[in-house]
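Enquirer: Here it is: the structure, laid out below.
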Amino acid sequence: MKCPFCIDKNKETSVLDSRPSENGSVIRRRRICIECKGRFTTHERIQFRELVVVKKDGDKVNFDRDKIAKSVELALRKRPVDTDTKEKLISRIVNDIEGMGENEISSNVVGEAVMKALYTIDKVAYVRFASVYRDFRETKDFEQFLDTIDKK
Ligand SMILES: [Zn+2]
C-alpha cells in the first residue's frame, strides 16, 4: 500500500497493527509511511465478484446459480440421478464458470459449460438440455446433433 501523503514519491508503508472488526468480516490495518511517518488506516473487506452474463441480444444479467440449478433440474427430470450428484454437478458448473476469472461471460459459454457437465453424468439429460439450448426446430437438426454425439 502506497502512502497517500507522499503522493508523487509513492513511498511504501508498513503495517503497525491489524485487527478484525464487524464480526471479522473486515480487517482494519493501521499503517505508517517509512518516509514521512504519516499514519493512516485501511479496511480490508471480502469482495464477492459480480459476474455478468451477456446474452445473445447484448442484454446483461447477473450470473445466477439458481438459473443454472433450474436448467439442470429440468434436464434431469425423472432421470436416475440423486440430489447429491445433482448438487455437486451444479457446484462444478458454477466453479468452472467463476474459475474462468472473467467479469463478463457470454451466455454461450454458460450453456456450453452446462452441456459439458450434463454429458458426463447423463446422456439423456444432455440431449434434452442441448435441444432446448440449441433451439432445434426440425427433427433433422436433432438427428444431426445425435450423430455428432455418437462420434464423440
Ligand atoms: Zn509518506
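The values are calculated or read from the model by the stated rules, or taken from the named source; none is laboratory data. No experiment lies behind these values; they were computed from the predicted model shown. Counting neighbours? That spans all protein chains shown, and the Cβs are built from the backbone with ideal geometry, glycine included.
Enquirer: Looking at the stretch 72-123 only, could you name the residues that are farther than 21 Å from Phe145 by Cα and either of a type in the set (S, T, N, Q) or in contact with a strand residue (DSSP E or B) (Cβ under 8 Å, 6 or more places away or on another chain) (or both)?
Expert: Correct list: Thr83, Thr85, Ser91, Asn95, Ile97, Asn103, Glu104, Ile105, Ser106.
Enquirer: Looking at the stretch 19-35, which of its residues are at pLDDT below 90 and either within 16 Å of the ligand (Cβ to nearest atom) or loosely packed, with under 13 Cβ neighbours inside 10 Å (or both)?
Expert: Arg19, Pro20, Ser21, Glu22, Asn23, Gly24, Ser25, Ile34, Glu35
Enquirer: Among the numbered criteria (1) more than 22 Å from Asp135 (Cα to Cα); (2) more than 16 Å from the ligand (Cβ to nearest atom), which one does Ser14 miss?
Expert: (2)
Enquirer: Does Lys55 count as more than 9 Å from the ligand (Cβ to nearest atom), of a type in the set (D, E, K, R) and in contact with a Ser or Thr (Cβ under 8 Å, 6 or more places away or on another chain)?
Expert: Yes, satisfied.
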